[in-house]
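S.K.: I am attaching a structure below and will ask some questions about it afterwards.
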Amino acid sequence: MVQPNDVVNVITFVDEWTRCIGSGYQKDSLYRHGKFDSCTAQWNDVKTAMKAKRASDPNEARKILETTHYKKNLGSDLKQSPTAGVIWDLKERPGWDEVEE
């Protein structure tokens, strides 16, 4: 049984892969790291999402998706940001709370 989009949304992973192979992202990768990104992790995520989409049980599909690069490295957790430590440093407290007089 194919999983519905609220369980496995393959488009999210395809979007991440197309963002990665895009010229803007590749330009940023070249500038930040000195090389182009092969986007292997994102392509593997697309394949994993297709596998999860075909899973017979929704819980099994969710478990498969937890192994993806997208779920492990992206999202709202700033510590997982791909630019943390490369472009900006993480702070314990945001700097805008401190006012110098």
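S.K.: Can you send over the carbon and sulfur percentage of the accessible area for the range 1-73, probe radius 1.4 Å, protein chains only?
M.R.: Details: 2640 of 4830 Å².
So the carbon and sulfur contribution to the accessible surface is 55 percent.
S.K.: Mind giving me the nanometre distance, one decimal, between the label points for residue 30 and residue 6, set 7 Å out from Cα along Cα→Cβ?
M.R.: Result: 4.4 nm between the two label points.
S.K.: Per the Kirkwood treatment, what hydrodynamic radius in Å, one decimal, follows for the range 1-40 from the mean inverse distance over all distinct Cα pairs?
M.R.: Values: mean 1/r = 0.0868 Å⁻¹.
Computed over Cα pairs of the range 1-40, the Kirkwood hydrodynamic radius comes out at 11.5 Å.
S.K.: What does the highest-first list of 27-37, 51-61 look like by mean Cβ count within 10 Å?
M.R.: Result, highest mean first: 51-61, 27-37.
S.K.: Let me ask another. Note the per residue figure in Å³ for the convex hull of the C-alpha positions in the range 1-73.
M.R.: 71
S.K.: Quick one: of 27/51; 27/71; 63/91, which pairs are farther than 29 Å apart, Cα to Cα? It would help to have the intermediate numbers written out before the result.
M.R.: Details: 27/51 31 Å; 27/71 24 Å; 63/91 32 Å.
Over 29 Å apart, Cα to Cα: 27/51; 63/91.
The values are calculated or read from the model by the stated rules, or taken from the named source; none is laboratory data. What you see is a predicted model, and the numbers here were worked out from it, not measured in a lab. Here the Cβ is made from the backbone with ideal geometry for all residues, glycine too, and neighbour counts use every protein chain on show. Heavy atoms of the whole protein, side chains included, go into the accessibility calculation; ligands, DNA and RNA do not. Shrake-Rupley method; radii C 1.70, N 1.55, O 1.52, S 1.80 Å.
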